Amino acid sequence: MDATAASLQALTLTSTERLSQFPDCYPDLNVMDSYREHIAQNLSKVSGIDAELIYTRLAWTSTLDKGDLSLPVPALRQKTKPAELVKELAEKFPESDLVLPPTVFGTHLQFFCKPGPLNQTVLSRILSQKASYGTNGNQGLKDPADPSKGRKRIIIEFSSPNIAKAFHAGHLRSTIIGGFLANLYTVLGWDVIKMNYLGDWGKQYGVLAMGFAKYGSEDALAQNPIGHLFDVYVKINKLITEQADHIKSQQQLIADLTNKGEDTSNIKAELDEYVAASEDEKARRYFKSMEDGDPSAVALWRRFRDLSIIKYKETYARLNIDFDVYSGESQVKSESMNAAHKALKEAGVVEESEGATIVDFKKHGDKNLGTAVIVRKDGTPLYLTRDIGAIVERDEEYHFDRMIYVVASQQELHLKQLFKLTKLMGREDLASRCKHIQFGMVHGMSTRKGTVKFLDDILRDVGDKMHDVMRANEAKYAQVPNPEQVSDILGITSVMVQDQTGKRGNGYEFNLNAMTSFEGDTGPYLQYAHARLCSMGRKSGLDLTKLGEADFSLLTEPHALNLIRLLAQWSDVLVNTAKTEEPVTILSYLFKMTHMLSSSYDVLKVVGSEPDVALARMALYYSARQVLHNGMRLLGLNPVERM
Ligand code: ARG
């Protein structure tokens, strides 16, 4: 099993040796930065255009036929017409060791790297830097020129399931996307705090306690806390619904009898007694006692919470995720909520409405945000109130530079209201450091045995399905040393890759067959590509520790050169991903690479080639394997070596 995100941090490279004259330019860490620097300086010399301007406009290309770097001349905003200027620049660009004479494409100036030096730089860096290749820890420094000033801190709040309730697709997506963002910011050198904000407070804990008293079992709780609490919760809710039905029908009866002028005082008294003894009412009273700090009520709730967290931790570990903080609705202090309430009052933002405290956003320049209740009629806080308290607490405790909430799009209004209230409280600065990263819905997530309740069920089910798919190929299956473990990892990969394939904002159909297929851009295909490169290394008969000594100038075929050009982009892909905050930015790159690889195998053979050519090609394949590995790790996947 691969090391987890904790070790990703150790892999992050920083460089203060040679700081560039240009902003965000790290030639030692990003191969393409050294080319940008070279082009900007040379082009500036001959044209008189500001070098930094050229530097910042040199863009990476989406396809290799557009060059390795491209300069959109209109973006330079010069007096000369772009169509003329682009030609002039192409003619004037001096002879260079690193790049070919630039080509004109419309008003773009396209630069292609010369193979010799690029081969050498890219492959030797990958082979020596290995898992850290492409990382750039300088991005997260407060001041890249002075690392002693420390790193920027980011809180990523994600997953956040509700104890005793189902772990639904929204939680799954939040877990996958949040885990990925945590890895991304880690390799960019940020100080990352992974926070799980559990739904662990509210009347439902009163309900749960009543359920446990009736249906609970200590043994079952110890064995499978999440499952047992869920069962108990379902049972007690069924009883509550039945009782509510009875109450309704009695009320109807009373109304009917009253209409007929009959005396209903006996039935009424009976009903009052029934209501007072009903599970729902008992739950309400119980939760009230929790709020009042009753020691035995709080102790039971704490046990439910602690046991659930132990179980969550095991499951998250299978996804390479480990939270720094298990926070939750229960952890928000009343003082923080009261202080926030007071600040809103003083700012003249809140008003009373039928005994409750509300905010009418219309009156504060945001008619789309509707109105929100801040304090209920009975004085109790709400989901939103707790979030307002929490945002301030987190700021005080962690002094973060940024905070990201990874939550489904359905809660967009909630988070907009939260950020707006934070501003209205006079904390514009705090609100501006926070962001909602949202995602669309998953449709039809169900196991073969019924609807999904827990993360464990989903993972077990895709693992089983994957095992079936693998068994279908008997000959290959026989060669897999530990099929149980491999199918488990491939199953997890399937779910995650399917989730990361589209843009976050789009929803998708949960499709067990499609995601576990080896055909198309799927998780198993990605794993296969990695395992194939590993197997190639094992079968080559070459000493893989000597790859760095290969003569990379022997790699001259277009397939080889294009692959190297693609590998050179990896650092830029990370920088770009930091802008999009989309896993698909990385995934598309990895699939582009695996497609290129699979069309190369027949052209660039290792076995059967001259020894020095074989060694150079193996170095290329192993470099590709390394970058594929680094990308998969970032996405939260465990690359397998055999399958
Ligand atoms: N527990 C919530 C739910 O399942 C998600 C929490 C989102 N985070 C927040 N700070 N409100 O819907």
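The values are calculated or read from the model by the stated rules, or taken from the named source; none is laboratory data. Not measured: the values here are computed from a predicted model. Backbone-built Cβ (ideal geometry, glycine too); neighbour counts: all protein chains shown. Each accessible area value is taken on the protein alone, full model and side chains, heavy atoms only, with ligands, DNA and RNA left out. Shrake-Rupley method; radii C 1.70, N 1.55, O 1.52, S 1.80 Å.
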Percent breakdown of C-alpha pair distances by 10 Å bin, ordered from the shortest bin, for the range 213-360:
8, 22, 25, 25, 16, 4, 1
Quick one, what does Rg over Rh come out to for the range 153-227 if you take C-alpha atoms and the Kirkwood Rh?
1.13
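So for ASP263, ASP551, what's the accessible-area order with a 1.4 Å probe, most first?
ASP263, ASP551
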Cα convex hull of the range 501-638 - mean projected area over all directions, nm²
9.0 nm²
Keeping every protein chain in place, order HIS467, HIS108 by accessible area at 1.4 Å, biggest value first, i.e. largest first.
HIS108, HIS467
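Considering only DSSP states other than H, G, I, E and B, which GluC sites (Glu not before Pro) in the range 475-579 qualify as loop sites with at most 10 other Cβ atoms within 10 Å? Write out the running numbers ahead of the final one.
Numbers: sites: GLU484, GLU509, GLU519, GLU549; in loops: GLU519.
Answer in residue order: GLU519.
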Alpha-carbon centroid distance for the pair the range 624-643 / the range 359-433, whole angstrom:
39 Å
Computed over the range 543-596, the distribution of all Cα-Cα distances in 5 Å bins, rounded to whole %, is 4, 16, 21, 18, 17, 11, 8, 3, 0
From the Cα centre of the range 162-232 to that of the range 464-487, the distance in Å is 32 Å
Which value, in Å² and to the nearest 10, is the accessible area of THR585 when all protein chains are kept and the probe is 1.4 Å?
30 Å²
What are the extents of the Cα atoms of the range 73-142 along their three principal axes, in Å, largest first?
45, 35, 18
If I fit a long axis through the Cα atoms of helix 412-424 and take the longest principal axis of the Cα atoms of the chain, what angle between them do I get, 0 to 90°, rounded to 10?
90 degrees
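With only alpha-carbon pairs counted, each pair once and no self-pairs, how large is the Kirkwood hydrodynamic radius of the range 365-454 in angstroms?
Working: mean 1/r = 0.0661 Å⁻¹.
Averaging 1/r across every pair of different Cα atoms and inverting gives 15.1 Å.
Could you sort SER249, SER517, SER600 by accessible area so the largest value comes first, with the probe set to 1.4 Å? Mind dumping the intermediate values first?
Details: SER249 60, SER517 35, SER600 0 Å².
Putting SER249, SER517, SER600 in descending order of accessible area: SER249, SER517, SER600.
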Output the relative contact order of the chain, whole-number percent, from Cα pairs under 8 angstrom with separation of 6+ residues.
16 percent
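Return a whole-number percent for the relative contact order of the range 126-278, with Cα pairs under 8 Å and 6 or more residues apart as the contact set. Show your work: numbers first, answer last.
Numbers: 146 pairs, mean separation 30.5, N = 153.
Over the range 126-278, the number comes to 20 percent.
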Which of the aspartates and glutamates could be linked to LYS92 by a straight reach, that is with a Cα gap under 13 Å, when you skip same-chain ones fewer than 8 residues away?
GLU84
Which lysines, if any, have their Cα less than 25 Å from the Cα of LYS367, not counting same-chain residues under 8 positions apart?
LYS342, LYS345, LYS377, LYS416, LYS420, LYS423, LYS435
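How high is the FRET efficiency from LYS87 to LEU53, r the C-beta distance, R0 22 Å, rounded to 0.05? All intermediate terms of the calculation are to be shown ahead of the outcome.
Working: r = 19 Å, r/R0 = 0.87.
Once rounded, the FRET efficiency stands at 0.70.
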Going 7 Å from the Cα of ILE267 along its beta-carbon direction, which residues of the range 202-246 have the amide nitrogen within less than 16 Å of the resulting point?
245-246
³J(HN,Hα), Karplus 6.51/-1.76/1.60, whole Hz, each residue of the range 133-149, x for Gly, Pro:
4, x, 6, 8, x, 5, 4, x, 6, 4, 9, x, 7, 9, x, 5, 6
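Would you please calculate the Kirkwood hydrodynamic radius of the range 439-582 over all C-alpha pairs and express it in Å, rounded to one decimal? Before the final figure, lay out each step's value.
Values: mean 1/r = 0.0554 Å⁻¹.
Roughly 18.0 Å, rounded to one decimal.
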So which lysines pass the test for LYS313, namely a Cα distance under 22 Å, with those fewer than 8 places away in the same chain ruled out?
LYS165, LYS194, LYS453
Where does the longest stretch of the chain lie that holds no chymotrypsin sites (Phe, Trp or Tyr not before Pro) found in a DSSP loop with 16 or fewer other Cβ atoms within 10 Å?
1-517
Residues whose placed amide H lies under 5 Å from that of ASN162, excluding near-sequence neighbours:
GLY199
Spread of Cα-to-Cα distances over 10 Å intervals beginning at zero, given as percent, for the range 566-627
20, 43, 24, 11, 1
When only C-alpha pairs under 8 Å and at least 6 residues apart count, what is the relative contact order of the range 393-531, in percent?
23 percent
Quick check: the distance between the Cα centres of the range 73-140 and the range 520-560, to the nearest angstrom?
27 Å
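Taking the convex hull of the alpha carbon atoms in the range 363-416, what volume per residue do you get, in Å³? Working shown, then result.
Working: hull volume 6.6 nm³, N = 54.
Hull volume over Cα atoms, normalised by residue count, gives 122 Å³.
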Per Stokes-Einstein, at 25 °C and 0.890 mPa s, what whole-number D in µm² s⁻¹ belongs to the range 197-266, with the Kirkwood radius over Cα pairs as the hydrodynamic radius?
169 µm²/s
Residue-ordered couplings for the range 474-482, obtained by feeding phi - 60° into the Karplus form 6.51 cos²θ - 1.76 cosθ + 1.60 and rounding to whole Hz (Gly and Pro as x), are 4, 4, 5, 4, 4, 8, 6, x, 9
Could you state the per residue volume, in Å³, of the convex hull enclosing the Cα atoms of the chain?
206 Å³
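Using only DSSP helix segments of four residues or longer, with each worth -39500 (n - 2.57), what per-residue ellipticity at 222 nm results for the chain after dividing by its residue count and rounding to 500? Intermediate values should be presented prior to the final figure.
Details: 25 runs with 354 residues, N = 643.
Helices in the chain give a 222 nm mean residue ellipticity of -18000 deg cm²/dmol.
What Kirkwood hydrodynamic radius do you get for the range 77-187 when you take the inverse of the mean 1/r over all pairs of distinct Cα atoms, in Å? Write down the numbers at each step before the final one.
Numbers: mean 1/r = 0.0517 Å⁻¹.
Over the range 77-187, the inverse of the mean reciprocal pair distance is 19.3 Å.
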Whole-Hz couplings from phi, Karplus 6.51/-1.76/1.60, listed for the range 189-196; x for Gly and Pro:
x, 6, 8, 9, 10, 8, 10, 10
Around HIS436, which amide H atoms from residues at least 5 apart in sequence, or from another chain, sit under 5 Å from its own amide H, with H modelled in the peptide plane?
TYR405
Taking protein heavy atoms only, a 1.4 Å probe, and rounding to whole percent, the accessible area of the range 178-238 owed to carbon and sulfur comes out at 51 percent
The long-range amide H neighbours of PHE105, using H built 1.01 Å from N in the peptide plane and a cut-off of under 5 Å, are GLN110
Under DSSP loop assignment and at most 14 Cβ neighbours within 10 Å, longest trypsin sites (Lys or Arg not before Pro)-free interval of the chain
143-259
Rounding to the nearest 10 and keeping the result within 0 to 90°, find how far the Cα-based axis of helix 383-398 lies from the longest principal axis of the chain.
50 degrees
Computed E for SER609/GLN9 - FRET, C-beta separation, R0 41 angstrom, nearest 0.05
0.55
Per residue accessible area in Å² of the chain, where ligands, DNA and RNA are left out and the probe is 1.4 Å
45 Å²
How many Å³ per residue does the convex hull of the Cα positions in the range 275-385 occupy?
181 Å³
